[in-house]
Amino acid sequence: MIALRVVTLNLWGDRQPLARRLGLVADELGTLTPDAVFLQEIRVGDGLPSTAEDLARRLGGDWRVTYRAATRGAAGTWGPTSGVGEEGLAILSPHEASDVVVTPLPDGRPTEQRILLSARLQLPGASVWCHTTHLHWRLSDGLARERQVVAIDTAIRALPGDHPHILGGDFNAAPDTDEIRFLLGKHTLDGRRTHWQDAYGRISPGAPGWTWARRNTSTEWLAWLDRDRRIDYLFVSTERSDGRGRILDARICFDRPSDDGVFPSDHFGLVAEIQV
């Protein structure tokens, strides 16, 4: 078995200073040396190259980008400064990605479609399914997020093979919400139960682990959106008796500004090591 290092980060679309922010993300990823990076709010637009491809180029080496669009829209769709184009999800990895699957999620809106992006990574001596998603963001969207997590769990359970699964992304929900408690096996939704491990919660039980935090000055544009919450996650399928799926470490990352006060994103990220 090997230890797989995975990172998740909401990349905050094309918010400026974009080039500076992508440089900060690339620098920290160079230190973290992950096997897979789950990215949300990837932007591609008129005159704007894919932010996932841009990040991969900054990383150097043989990074593969698996990207799928979720929403296409006019200027202003993702905020007053956003241009025409599309927004979606990406998985970056130096390892080969196969069996790419895109699952549309319930309760999509014309300017806010949601998907699950899945890919199977081929590692030396192991294979693992990786998934990333981004759920509805409004505080009143709890019922929509409940339907979305049920759809995510159903889609993943239907995939072939006996491999560990890693699910990461921006769930826009705190650990005590029903949608997250469902994933943890603590709540019933749609007449069914499941079980996933919360990597950060497993390593640091009781710690706040805020990823949407008021100390991040980039959150000030949405200061009314209940800051100081943990809403980004890395989930791992139930640990097997042979140790596959065991969470070895997990912590917050991308939580420090540059010397002149620029944060990589309005979200903090997570990094975890998982035995696969």
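Could you give the nm distance between label points at ARG193 and ARG251, where each point is 7 Å from its Cα heading toward the beta carbon?
Label-label distance for ARG193 and ARG251, simple model: 3.5 nm.
Pulled fully out, how much extra length does the chain show between ASP99 and ASP228, if you take 0.36 nm times their separation in residues and subtract their Cα-Cα distance?
Extra length from ASP99 to ASP228 when fully extended: 42.8 nm.
Tell me the relative contact order for the stretch 3-275 as a rounded percent, counting alpha carbon contacts under 8 Å between residues six or more apart.
19 percent
May I ask you to list the residues of the stretch 234-264 whose amide nitrogen lies under 14 Å from a point 7 Å from Cα along the Cα→beta-carbon direction of GLU220?
261-263
I'd like the distance between the alpha-carbon centres of the stretch 50-129 and the stretch 202-272, rounded to an integer number of Å.
19 Å
Can you tell me the alpha carbon radius of gyration of the stretch 3-275 divided by the globular rule-of-thumb value 2.2 N^0.38 Å?
This ratio for the stretch 3-275 stands at 0.93.
Could you give me the ³J(HN,Hα) list for the stretch 132-149, computed from phi with Karplus coefficients 6.51, -1.76, 1.60 and θ = phi - 60°, whole Hz, x at Gly and Pro?
Computed from phi, the couplings for the stretch 132-149 are 9, 7, 8, 8, 4, 9, 5, 4, 8, 8, x, 5, 5, 5, 4, 5, 5, 5 Hz.
Pop a pseudo-label 7 angstrom from the Cα along the beta-carbon direction at both ARG72 and SER241 and give the gap in nm to one decimal.
In this crude spin-label approximation the distance works out to 5.0 nm.
What ranking, highest mean first, results for peptides 215-222, 68-75, 10-17 when packing means the other Cβ atoms within 10 Å averaged over each residue?
So the order, starting with the most tightly packed, is 10-17, 68-75, 215-222.
Under unit Cβ charges (Lys, Arg +1; Asp, Glu -1), what dipole magnitude, rounded to 20 debye, does the chain have relative to its Cα centre?
With only Lys, Arg, Asp and Glu charged at Cβ, the dipole is about 360 debye.
Hey, what do the phi angles of the stretch 88-93 turn into as Karplus ³J(HN,Hα) couplings, whole Hz, using 6.51/-1.76/1.60 and θ = phi - 60°, x for Gly and Pro?
Couplings: x, 10, 8, 10, 9, 7 Hz.
Can you give me the distance in nm between label points at GLN16 and THR33, each placed 7 Å from the Cα along the Cα-to-Cβ direction?
It is 3.8 nm.
Provide, in order from the shortest bin, the percent of all Cα-Cα pairs of the stretch 163-267 in each 5 Å bin, continuing until the bin that contains the maximum pair distance.
Using 5 Å bins, I get a P(r) of 2, 11, 20, 21, 18, 13, 8, 4, 2, 1, 0 for the stretch 163-267.
Taking H as built 1.01 Å from N, whose amide H comes closer than 5 Å to the amide H of LEU234, not counting residues under 5 places away?
Residues meeting the criterion, in which the H sits 1.01 Å from N, are ALA199, TYR200.
Which residues' amide hydrogens lie under 5 Å from the amide hydrogen of THR71, considering only partners 5 or more residues apart or on another chain, with H built in the peptide plane?
GLU87
In whole Hz and in residue order, list the ³J(HN,Hα) couplings for the stretch 216-228 that follow from phi through the Karplus curve 6.51 cos²θ - 1.76 cosθ + 1.60, θ = phi - 60°; x for Gly and Pro.
Whole-Hz 3J(HN,Hα) from phi for the stretch 216-228: 7, 5, 6, 8, 5, 5, 10, 4, 7, 8, 6, 6, 6.
When you count, for each residue, the other Cβ atoms within 10 Å and take the mean per peptide, how do 27-37, 187-197 rank with the highest first?
Per-residue mean Cβ counts within 10 Å order the peptides as 27-37, 187-197.
As an exercise, use a Förster radius of 45 Å and the Cβ-Cβ distance of ARG181 and ARG58 to find the FRET efficiency, rounded to the nearest 0.05.
So the FRET efficiency works out to roughly 0.75.
Residue separation times 0.36 nm, minus the C-alpha to C-alpha distance between THR81 and LEU123: what's the value?
11.2 nm
Bear in mind that the values in this text are calculations on the coordinates, not laboratory data. The shown structure was predicted, so the numbers you read here are calculated from the model rather than taken from an experiment. Methodologically, a virtual Cβ is constructed for each residue, glycine included, from the backbone with ideal geometry; neighbour enumeration extends over all protein chains shown.
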